[in-house]
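The values are calculated or read from the model by the stated rules, or taken from the named source; none is laboratory data. Keep in mind that what you see is a predicted model, and the values were worked out from it rather than measured. All Cβ positions, even for glycine, are placed from backbone atoms using ideal geometry, and neighbour counts span all protein chains on display. Accessible surface is based on the protein model in full, side chains and every heavy atom, while ligands, DNA and RNA are left aside. Shrake-Rupley method; radii C 1.70, N 1.55, O 1.52, S 1.80 Å.
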Amino acid sequence: MTESSFAQQQSPTDPSADGAITLSFMRAVYNQVDWSATPLGPQDSWPALLRLVVDLCLDSEFPVQISWGPDLLVLYNEAYIPLLGAEKHPWALGRPASEVGPNLWPASEKHLREVMRTGRAYHSDDQQLIIDRHGYPEEAHFTFSLSAIRDADGTVVGLFNAITESTQHILYERRLQVLRRLGTVSITADDSLHSTCRAAVEVIGRNRKSVPFAAVFISESVAHGPQRVAGYGFDESAAASCELVELAPTSGPVLEVMEHVGTELVAGLRDQYPGVFEPGPLGPLTPDQAFVLPVVMLGTRRPIGVLVIGVNPYWRPDDAYTAFAAMMARQLGVIMTDAVSYQNERKRQKALEELDRARTEFFQNVSHELRAPLTMLLTPLQDILNEPGIVLPAAARDTVETSIRAGDRLQRVADELLNLSRSESGALMPDREDIDLASVTADVVEGYRSAIEGRLNLRVDVPGEPLRAYVDRTMWTTIVANLVNNAVKFTPEGVVTVSLSGDDSQVILTVADTGIGIPQNEQAHIFERFHRVNHVDQQPGSGIGLALVSEMTAAHGGSVGVTSEPGEGSRFIVRLPRYNGSAVAADAAESAATEPSTEFTGEQPRLLIIEDEPDLRGYLSKLFTKDGYAVEAMGDAETALTFLESNAPDMVVTDVMLPGQSGLEMLGTLRQDERNARLPVVVLTARTDPEAALEAFAHGADDFVVKPFNSAELLARVRAHYQMNQLRDNAIGQAETTVGQLRQALQSNRTIGTAVGIVMSRYELDPQRAFQVLVRTSQQNNRKLHDIAAEVVSTGALPGHAG
């Protein structure tokens, strides 16, 4: 080849305006270079091998660099220029590699020399290098393969370096990883906005190369301005007053020079770029630029805060870097939106819970307020009817019975309100027991007979034999009563039929009537709470009776349905699992304790009554006084506790809901005193749910009586607990006496044993003779053996032998 041979080869580039084919750019450059001024010399002096390799290099569209000879003189093609840097082209052609890339030479010389020496190729993927190709230190990544160029005898005379840059790919993956991690920030661990920002910044900070420093400033009020809530890399003393956040950008990132970066930041970058911070032309560098971006939550326009994103000093803030910062700010806005939404949802949930709690408490209070006067209404009326010495005229007796039925109806309303609140709070749990549904159902239905006598024909079809099942007695009674009450209410005349049947797996209750019926469009809603059928002849009702039937049935794992035709009547069918009922309840009834005696023997028992309702307190005082108790009655827990400090009653009867300290709180305090640890306490309450009983027993109650109560039952329960406590105290007293006697005997034996030992030692006797001496001395002095032994232990000698 001649010197002009590089120019003679044409490149298939685009045609020029006149249609001629232009020469290769790099071939033209090579022909313009004064090679005689380089260590390579003029082109016509180049070895044929070099000219061939250069031809291959120039023809390649892949970046290629040739290092020739011992000095590794640099040659390259057009595709390599962006990797080299335009500022060094064409100056670098023909110059030693140590001059072309002085910053790379310390790290690359070893590999270059090794391939030149051994001829073995060297390969590297995505190698990180800090290079100066655009007038500033720049992080770059390259994948390359160094191959030996050999002459005819196999000597390595140069290196062929096929190389490609992977910097953009590496940066893209790093930034994508940051954005992915931001997308996984959890807002459920801590629902505060500040902690969410801290979690987001912690995720950002895991990649210090992408974001060497960062901070989030939130402006929660105009008065206080933006406040730093999270960050890293700043001087703490300066970060809070960073002037950047005062820019408060409203759209797009703003690039600013930073003045407040900390020494921790430089140390962090040193870890990311090992070797770069050694003394040299490229380091160390301190980040001094940052993107300042508005953080806007979804659905709003005004920024809630500012995100400061530090710029890596080894990267230029180009369009890709700017877009990355903007995406981080947008993602942070999404996270903060989720956090605020979660906060609002938590607040809404707490408000709903508080509403449920307040509603439940309201229903409980209403139930209590109704039950207290109901007790005063029903209990005396029942006492009048049951008192043997009182004979009422028929009309008066009817009036009393009517009043009792009205009170019972009001009591059912109170129970329904309480049961409804329990159902809404998920506390409607059946307390199952083995009961005879046939007898319970018949008893409930019979309670309606006198009220409808002469108007309706009430038919009851229940098995003659016991039909046992495991159900909640109170709930079953409510189910039957509500269905019968509903049938009676909407049957002006005709027949109401209640039937009960069952097999091995279930029991079936049917309540049918010949009343006004239910329109077809209403039947799907009658079991909904507070729903009332729009009848022409509207009947009074709360709209919760059938809802409770449905919910109590469901609580047992059963079902309820209805069929009805307007003008012809309705049929309700309840199906409950039987749960293989057995004779457990019957056995328990047979083994139950006999009714306690109705008369007290000995000293009059002392009873403390605590009830805030004056009328009921007065009634209870008269009731128990008449039954033989010495009664002290008080209206609140604090007064009762003061009374108990200096008095010791035999029994306590207390209401649960009291002004100030509740009855259960008082009971807990009372049980902490050893003197009252075994004092029998009977609790009165308006609550009927099982949880109320469990709560009372957990606080140390001995019994639990629901208002309104039957006075005879209350007297029997209190009397039974008093008598059981007396028996228990007597047994404990006898046991303590026995223990004391045993302890005294053991102490006496120890004293006599010690005295025998002293006599054996002092008078040189064997154990039997020593004991006989103690017995004889006791007889001679007419004193107890224990007293003689005690004197021997005290003086060390027999009486009269001291010294």
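Here are some notes:
- Selection from segment 118-139 of residues that are among the aliphatic types (A, V, I, L, M) and either free of Cβ contacts under 8 Å to residues at least 40 places away in the same chain or assigned to a helix (DSSP H, G or I) (or both): 121, 129
- Test: residue 719 is open to solvent by less than 20 Å² (accessible area, probe 1.4 Å), of a type in the set (D, E, K, R) and modelled with pLDDT of 75 or more: yes
- Unmet criterion (only one of (1) surrounded by 13 or more Cβ atoms within 10 Å (Cβ to Cβ); (2) among the charged types (D, E, K, R); (3) at positive phi) for residue 764: (1)
- Taking residues in segment 165-182 that are among the aromatic types (Phe, Trp, Tyr), and partners anywhere that are open to solvent by 30 Å² or more (accessible area, probe 1.4 Å), the pairs with Cβ atoms closer than 9 Å and at least 6 places apart or on different chains are 172/320.
- Yes/no for residue 600 being at pLDDT 65 or above, aromatic (Phe, Trp, Tyr), assigned to a loop (DSSP other than H, G, I, E, B) and open to solvent by 20 Å² or more (accessible area, probe 1.4 Å): no
- Qualifying residue in segment 327-346 (condition: in contact with an Asp or Glu (Cβ under 6 Å, 6 or more places away or on another chain), assigned to a helix (DSSP H, G or I) and hydroxyl-bearing (Ser, Thr, Tyr)): yes
- Against the numbered list (1) modelled with pLDDT of 85 or more; (2) within 41 Å of the chain's Cα centre (by Cα); (3) not hydroxyl-bearing (Ser, Thr, Tyr), residue 580 comes up short only at (1).
- If only residues of segment 688-707 that are assigned to a loop (DSSP other than H, G, I, E, B) and modelled with pLDDT under 75 are counted, the one that is farthest from the chain's Cα centre (by Cα) is 688.
- Residue among 125, 151 that is open to solvent by 40 Å² or more (accessible area, probe 1.4 Å) and over 30 Å from residue 311 (Cα atoms): 151
- Residue 68 open to solvent by 20 Å² or more (accessible area, probe 1.4 Å), within 60 Å of the chain's Cα centre (by Cα) and of a type outside the set (A, V, I, L, M): no
- Matching residues in segment 61-117 - criterion: being aromatic (Phe, Trp, Tyr) and in a helix (DSSP H, G or I): 80, 105
- The set of residues in segment 172-185 being in contact with a helix residue (DSSP H, G or I) (Cβ under 7 Å, 6 or more places away or on another chain) and either of a type in the set (A, V, I, L, M) or exposed (fewer than 15 other Cβ atoms within 10 Å of the Cβ) (or both) consists of 178, 179, 182, 183, 185.
- The single condition among (1) free of Cβ contacts under 8 Å to residues at least 12 places away in the same chain; (2) of a type outside the set (Asp, Glu); (3) open to solvent by less than 30 Å² (accessible area, probe 1.4 Å) that residue 212 does not meet is (1).
- Residue list for segment 524-562, restricted to those being assigned to a loop (DSSP other than H, G, I, E, B), modelled with pLDDT of 85 or more and open to solvent by 20 Å² or more (accessible area, probe 1.4 Å): 527, 557, 558
- Selection from segment 403-435 of residues that are at pLDDT below 75, assigned to a loop (DSSP other than H, G, I, E, B) and open to solvent by 50 Å² or more (accessible area, probe 1.4 Å): 425, 426
- Filter result for residue 58 (in contact (Cβ under 8 Å) with a residue 24 or more places away in the chain, over 15 Å from residue 27 (Cα atoms) and not β-branched (Val, Ile, Thr)): no
- Residues being β-branched (Val, Ile, Thr) and open to solvent by 50 Å² or more (accessible area, probe 1.4 Å) - total across segment 374-401: 4
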